[in-house]
Amino acid sequence: MKVSLCNCTLAAVIGALTGLLVTPTLQAQPAPEVTLTRLDCGNLPTPIAAEEFSDTYAYHGLQVPFTFSCYLIRHGSDYMIWDSGNPAGSAPGAPKVSLLELLGQLKLRPDQIKYLGISHYHHDHIGQASSFPKSTLLIGKRDWDEVSAAEPPRGVDPATVALWRASFAPWISGGGKVEALTGDKDVFDDGTVVMLNTPGHTPGHHSLLVRLKRMGNVLLTGDLAHLRETYESNGVPAWNFNRADTLASLDRFKQIAKNLRATVIIQHDARDVGKLPVFPNSAD
């Protein structure tokens, strides 16, 4: 027996196929613009002895200007602060202008900062963190475990614990969102801003990769290295948490810098400040 499709069925099939052929292809979304701005978070009034950053007594007699740097990353309409420097005030090294005032000059409010990325828990990187209570805190898990512990780690002095409690109060209280990182973090899920797991200086230390269209790739060290000399010769401060981890992280960081042909910015070295435009201008 011969079987044939009815006209209505044929028409439906043809219509469906035609619809597939004429459906417009979805347009790829344009990549968001990414910019990087250095924010002045203080300076030491006199050069620092480079030998302080070596556990092998290297760099004897070398004096280097020392700065404290924070950064603003814009990703489309989203913003991220990287490190929050020393508290504003009159202490040596304190910034004369707070991060909130600097953001105000850029017409930004603190509640517009989506992410607060912290390289590590030392005082000169967390001093103004509490100014951004609505931001999602991004910090290495092993660092976060220490600063948020009910009982402070053995050997940590009370002044440091008090600073941790004050700086991270919005998140320790449970009122703010925290992402405690065990590895790398692709912040905006498109590879343009990546927190790199580089432990050693502290247990959960991270550095930052920012991929810019015009300037190219930029690597911010955190405190993986404090000075050009220590970066170039793999110098390790005596107070680092783990020497072997530091050297492994330096090796990884340098391989990334080489493979991506990245500009390396050592956050504390005042000689590297000029690698980015002067505030309020930004690199893109």
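The values are calculated or read from the model by the stated rules, or taken from the named source; none is laboratory data. Note that this is a predicted model, so its numbers are computed, not measured. Cβ sites come from the backbone with ideal geometry, for glycine too, and all protein chains shown count toward neighbours.
Condition first: under 23 Å from Asp111 (Cβ atoms) and assigned to a helix (DSSP H, G or I). Now tell me which residues in region 128-146 satisfy that. Before you say what the answer is, go through the steps one by one.
In the first step, residues of region 128-146 are kept if they are under 23 Å from Asp111 (Cβ atoms); the result is 128-139, 144.
Ala129, Ser130, Ser131, Trp144 - these are the residues of region 128-146 that are under 23 Å from Asp111 (Cβ atoms) and assigned to a helix (DSSP H, G or I).
Please list, ordered by first then second residue, the pairs with beta carbon atoms under 9 Å, 6 or more apart or interchain, first in region 48-68 and within 14 Å of Tyr231 (Cα to Cα) and without any contact (Cβ under 8 Å) to a residue 40 or more places away in the chain, second among the hydroxyl-bearing types (Ser, Thr, Tyr) and assigned to a loop (DSSP other than H, G, I, E, B). Note: pairs meeting the criteria are Glu51/Tyr57; Glu51/Tyr59. If you check Gly191, Gly175, which single one turns out to be touching a residue at least 12 places away in the same chain (Cβ under 8 Å), part of a loop (DSSP other than H, G, I, E, B) and touching a helix residue (DSSP H, G or I) at 6+ places or on another chain (Cβ under 9 Å)? The unique qualifying residue is Gly175.
Each row is one residue, and each column tells you yes or no for (1) over 24 Å from Thr160 (Cα atoms); (2) charged (D, E, K, R).
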position	(1), (2)
Gly61	yes, no
Ile73	yes, no
Leu100	no, no
Leu103	yes, no
Ser130	no, no
Ser135	no, no
Leu138	no, no
Glu146	no, yes
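Among the candidates Thr230, Thr263, Thr246, Thr221, the residue that is touching a Gly at 6+ places or on another chain (Cβ under 6 Å) and crowded, with 18+ Cβ neighbours inside 10 Å is uniquely Thr246. With respect to (1) buried (at least 19 other Cβ atoms within 10 Å of the Cβ); (2) in a loop (DSSP other than H, G, I, E, B); (3) touching a helix residue (DSSP H, G or I) at 6+ places or on another chain (Cβ under 8 Å), the lone exception for Pro95 is condition (3). Take the conditions (1) within 18 Å of Lys96 (Cα to Cα); (2) over 26 Å from the mean Cα position of the chain (by Cα); Ala58 misses just one of them, which is (1). Does any residue of region 99-112 turn out to be small (Gly, Ala, Ser), at pLDDT 95 or above and surrounded by 17 or more Cβ atoms within 10 Å (Cβ to Cβ)? Looking through region 99-112, none of the residues is small (Gly, Ala, Ser), at pLDDT 95 or above and surrounded by 17 or more Cβ atoms within 10 Å (Cβ to Cβ).
Residues to consider are Thr160, Thr56, Thr136, Thr67; find the one that is touching a Lys or Arg at 6+ places or on another chain (Cβ under 6 Å) and either closer than 22 Å to Asn240 by Cβ or buried (at least 17 other Cβ atoms within 10 Å of the Cβ) (or both). Matching residue, one of Thr160, Thr56, Thr136, Thr67: Thr136.
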